[in-house]
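Novice: Here it is, the structure in full.
Only the coordinates and a few stated rules stand behind these numbers; no lab work does. These figures come from a predicted structure and were not determined experimentally. Note: ideal-geometry Cβ built from the backbone for every residue, glycine included; neighbour counts use all protein chains shown.
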There are 2 protein chains.
Amino acid sequence: MGGDFAPANEVAGAVQALRESSNAFEVVLVGREHEIREHLQHQRADGLALSVVHAEEVIGMDDSPTAALKQKKNSSLAIGMTLHKEGKADGFASAGNTGAVLSAATLILGRVKGVSRPTIGAFFPSESGVCLVVDAGTNVDCRPQHLFEFAVMGSIYAKQIFKYENPKVGLLNVGEERVKGTEIVQEAYKLLEGSTLNFIGNVEGRDILKGKAQVVVCDGFVGNVVLKFGESVPTFLKSRLKQYASGNIFRSLLIALARGSLKNSLKDMDYEEFGGVPVLGVNGVTIIGHGKSTPKAIKNMIFKAVEVATSKLNTRIEEAMATSVSHAMKQTSPGEPSLTSASDYKR
Amino acid sequence: MGGDFAPANEVAGAVQALRESSNAFEVVLVGREHEIREHLQHQRADGLALSVVHAEEVIGMDDSPTAALKQKKNSSLAIGMTLHKEGKADGFASAGNTGAVLSAATLILGRVKGVSRPTIGAFFPSESGVCLVVDAGTNVDCRPQHLFEFAVMGSIYAKQIFKYENPKVGLLNVGEERVKGTEIVQEAYKLLEGSTLNFIGNVEGRDILKGKAQVVVCDGFVGNVVLKFGESVPTFLKSRLKQYASGNIFRSLLIALARGSLKNSLKDMDYEEFGGVPVLGVNGVTIIGHGKSTPKAIKNMIFKAVEVATSKLNTRIEEAMATSVSHAMKQTSPGEPSLTSASDYKR
């Protein structure tokens, strides 16, 4: 119910997902039953593996994540996530308030052992396949250890879900040399260098689209800025082409003819195709989508949830945290405090 | 001499600049005289307002900025910047080692009164004109006061050089709400809010190309990442279009036909057009260009230097630092240490 066009797009997307997969899984729609059933009727959803669980409240985009979770115990988010926690659903997907979904995932599902901060990555297209940039906005203030954990989780995700054999991990920085960047990034470099990951060193802003690494690690501030910048490129191009063609019939014709090619070339800069991003580091499967998710985006979010649920992502993350962290920890000074205590988790 | 194609492109660009402006100014070429004169001969530069000052040494791209400045007293950079300091030139432009040029400008020219850290901005195209993002890589670690100073300098630059009447200043953040982002950014928000600048609040990554603000303020880490990401977009698009057209004659034809339109639309994402970026906050005129600057880029750098030299940029910056800083300082706690001591300047 939290998306900008809920529940219309959510219902339409769920129906599409089940039709396309011939009911290969079941979708539980959580929210105001009356509204949902109305939309189901519009969609002629008879015969699909759908069920509805009523939830009276909705957490809005402007609600404070933690406050809303406490106050709205009957929100679709709280009830849906609890269904997943109780094993009545194998995954959870939402186009609602990102902060609230992340909080709910962390509080209700709990963190994977060894993870101090769950994270959300973002997918970028690149000249050599999909690139996962992690963190994409969840943790704006990071310590070296956090960046290291993002690298571990991102690497496992790229391996399990994108099937990259030995994903290259790059640390986002302002230059290639190890002395570049803030102290935090320089410390993270050391942790990564001493790990079992396929760490290729620092990468720069230009290396994301170039596909130099399959996993690019950064704090959530940088990740969020570059993600939103990237998402704005297609709109900017469209506006530029329009402006250029304006009042010139020949140019307009050319651009109209080439529109399909351009659109196709930019297809994977389009969030709809990816269908949301997973929360990494929580004990469960949580997929978060854009607030303005279309039915197609919702459909792909559901597919993504199924894909992650049938993988062994969290088991692999837990294993990797145990082996890589202990390995990397040897590199740091013995007096350094452990960052894995619960109180350290700060959104 | 510091550029990747020096002195060939530097000489060619200087010749172009003087031809196009009909010798409206004089260009002093600083570097290995023999080499420069050879290139001048190729360019048939007779009758142009050109002179050459010999400098034996060259600071390379891999040299450590401060060490190189100390060791290579006879570098083209040190000699050229000193000519400017002594008033024998009204501005300085280089396509060499950015860190070294910035250090030389700061050490030789000195800082404008009230500025604790000189900065370099970058120009982005946007749907509503040029957008100056400042800092673009100079200061990776910033305190709130530094971000505030970038805003003041950027605002004056946008006013004096881009002729924006009352430039809108945005603070780059992960969301619009004032509570978003790191503590540093939140503190900077308060300083900006209490200033005389036309502060429009937080802006996000997507707002740069959208042109929501004419000046976007951020630390040099974020600025550098988003700048390099942006610069990589045209290459990525080209590669995508090529891939899409590959083996399909109809598509290839369409894309070939539309190439001109695309290229023209992306023209101002092209660094050559901007001709380098100014160092803000130093007592003088210093323009820094890409290492791989073409003759056209060099030409535009020279034009930019002339433009800045004939403006009252630094006087205005000094005035603004005096009025805006004192105004903003009232907002901060009285015990806060002043950040304008020389020792505070950390590259």
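Novice: Can you list the HN-Hα couplings for segment B:96-105, worked out from phi with the Karplus curve (6.51, -1.76, 1.60; θ = phi - 60°), rounded to whole Hz and with x for Gly and Pro?
Specialist: Each residue's phi maps through the Karplus curve to give x, 3, 4, x, 5, 5, 4, 4, 4, 4 Hz.
Novice: Another one. Other chains near A:240-249: what is the mean number of their Cβ atoms within 10 Å of each residue's Cβ?
Specialist: 3
Novice: Another question, if that's okay. What are the aspartates and glutamates whose alpha-carbon lies under 13 Å from the alpha-carbon of residue B:238, with same-chain residues fewer than 8 places away excluded?
Specialist: Result set, ordered by chain and number: A:127.
Novice: Take peptide A:209-216, look around each residue's Cβ out to 10 angstrom, count Cβ atoms belonging to other protein chains, and average those counts.
Specialist: What the average comes to for A:209-216 is 2.
Novice: Can I ask one more? Using Cα-Cα distances under 8 Å and only pairs 6 or more residues apart, what relative contact order does chain B have, in percent?
Specialist: 23
Novice: Which of the three applies to the protein assembly as shown, rounded, prolate or oblate, going by the alpha-carbon gyration tensor with a ≥ b ≥ c and a/c under 1.5 meaning rounded?
Specialist: Taking the square roots of the gyration eigenvalues as a ≥ b ≥ c, the protein assembly as shown is prolate.
Novice: Let me ask something else about it. At 222 nm, what helix-only mean residue ellipticity would chain B give, in deg cm²/dmol to the nearest 500, using -39500 (n - 2.57) for each DSSP H run of four or more?
Specialist: Computed ellipticity for chain B at 222 nm equals -14500 deg cm²/dmol.
Novice: Can you give the charge dipole size of the protein assembly as shown about its Cα centre, rounded to the nearest 20 debye, using +1 on the beta carbon of Lys and Arg and -1 on the beta carbon of Asp and Glu?
Specialist: On the way: 78 positive and 74 negative charges, 207 e Å.
Here the protein assembly as shown has a charge dipole of around 1000 debye.
Novice: Which pairs break 28 Å Cα to Cα here: A:292/B:210; B:228/B:296; B:168/B:296?
Specialist: Values: A:292/B:210 18 Å; B:228/B:296 20 Å; B:168/B:296 30 Å.
Pairs exceeding the cut-off: B:168/B:296.
Novice: In addition: Quick one: if you stick a label point 7 Å off each Cα along the C-beta vector at residue B:20 and residue A:71, how many nm between them?
Specialist: 5.9
Novice: So how strong a dipole does chain B carry about its Cα centre when Lys and Arg Cβ are +1 and Asp and Glu Cβ are -1, to the nearest 20 debye?
Specialist: The dipole of chain B has a size of about 600 debye.
Novice: Something else about it: Can you list residues whose amide H is under 5 Å from residue A:285's amide H, if they're 5+ apart or on another chain and H is modeled 1.01 Å from N?
Specialist: Amide H neighbours of residue A:285: A:92.
Novice: Just name one of B:222, B:114, B:309: the one whose Cα is farthest towards the positive end of the charge dipole of chain B (beta-carbon charges, Lys/Arg +1, Asp/Glu -1).
Specialist: B:222
Novice: Continuing with this model, one more query. Taking amide H atoms as placed 1.01 Å from N in the peptide plane, list the residues 5 or more away in sequence, or in a different chain, whose amide H sits under 5 Å from that of residue B:75.
Specialist: Distant-sequence amide H within range of residue B:75: B:57.
Novice: How would segment B:184-243 be classified by its alpha-carbon gyration tensor: rounded, prolate or oblate, with rounded meaning a/c under 1.5 and the a/b versus b/c comparison settling the rest?
Specialist: prolate
Novice: Follow-up question, since we're still on this one. Between chain B and chain A, with a rotation axis joining them, whose C-beta in B is nearest that axis, and what is the whole-Å distance?
Specialist: Residue plus distance in Å, as requested: B:258, 2.
Novice: Under 20 Å between alpha carbons, and skipping anything fewer than 8 positions from residue A:73 in its own chain: which aspartates and glutamates qualify?
Specialist: Filter leaves A:33, A:35, A:56, A:57, A:62, A:63, A:86.
Novice: Also: In the neighborhood of residue A:54, defined by Cβ-to-Cβ distances under 12 Å, what is the net charge if each Lys or Arg adds +1 and each Asp or Glu adds -1? Walk me through the numbers before you get to the answer.
Specialist: On the way: positive: A:32, A:37; negative: A:33, A:35, A:56, A:57.
Net charge around residue A:54: -2.
Novice: Sorting check: for B:28-40, B:120-132, which peptide has the highest mean count of neighbouring beta carbons within 10 Å, and how do the rest follow?
Specialist: Highest-to-lowest ranking by the protection proxy: B:120-132, B:28-40.
Novice: Could you order the peptides B:85-92, B:41-48, A:317-324 from most to least packed, using the average number of other C-beta atoms within 10 Å per residue?
Specialist: Highest to lowest by the protection proxy: A:317-324, B:85-92, B:41-48.
Novice: Relative contact order of segment B:11-144, please, whole-number percent, based on alpha carbon pairs below 8 angstrom and at least 6 residues apart.
Specialist: Numbers: 164 pairs, mean separation 21.8, N = 134.
Here the relative contact order equals 16 percent.
Novice: Please get the size of the charge dipole for segment B:133-191, origin at its Cα centre, with Cβ charges of +1 on Lys and Arg and -1 on Asp and Glu, quoted in debye to the nearest 20.
Specialist: Dipole size: approximately 220 debye.
Novice: Can I ask one more? Can you list the residues of segment A:156-172 with backbone N under 16 Å from a point 7 Å past the Cα of residue A:310, pointing along Cα to Cβ?
Specialist: A:160-163
Novice: As an exercise, use a Förster radius of 22 Å and the Cβ-Cβ distance of residue A:235 and residue B:263 to find the FRET efficiency, rounded to the nearest 0.05.
Specialist: Approximately 0.70, to the nearest 0.05.
Novice: Taking H as built 1.01 Å from N, whose amide H comes closer than 5 Å to the amide H of residue B:3, not counting residues under 5 places away?
Specialist: Counting only residues 5 or more places away or on other chains, the set is B:95, B:96.
Novice: Now, a different point. Hey, can you rank B:169-181, A:284-296, A:245-257 by average C-beta count inside 10 Å, highest first? Mind dumping the intermediate values first?
Specialist: Values: B:169-181: 20.4, A:284-296: 22.2, A:245-257: 13.8.
Put in order of decreasing packing, that is A:284-296, B:169-181, A:245-257.
Novice: Shielding of B:256-263 by partners, i.e. mean partner chain Cβ atoms within 10 Å per residue?
Specialist: Mean partner-chain Cβ count within 10 Å for B:256-263: 5.
Novice: Shifting gears a bit: Placing +1 on the Cβ of each Lys and Arg and -1 on the Cβ of each Asp and Glu in the protein assembly as shown, which of A:234, B:30, A:66 has its Cα farthest towards the positive end of the resulting dipole?
Specialist: So the residue furthest toward the plus end is A:234.
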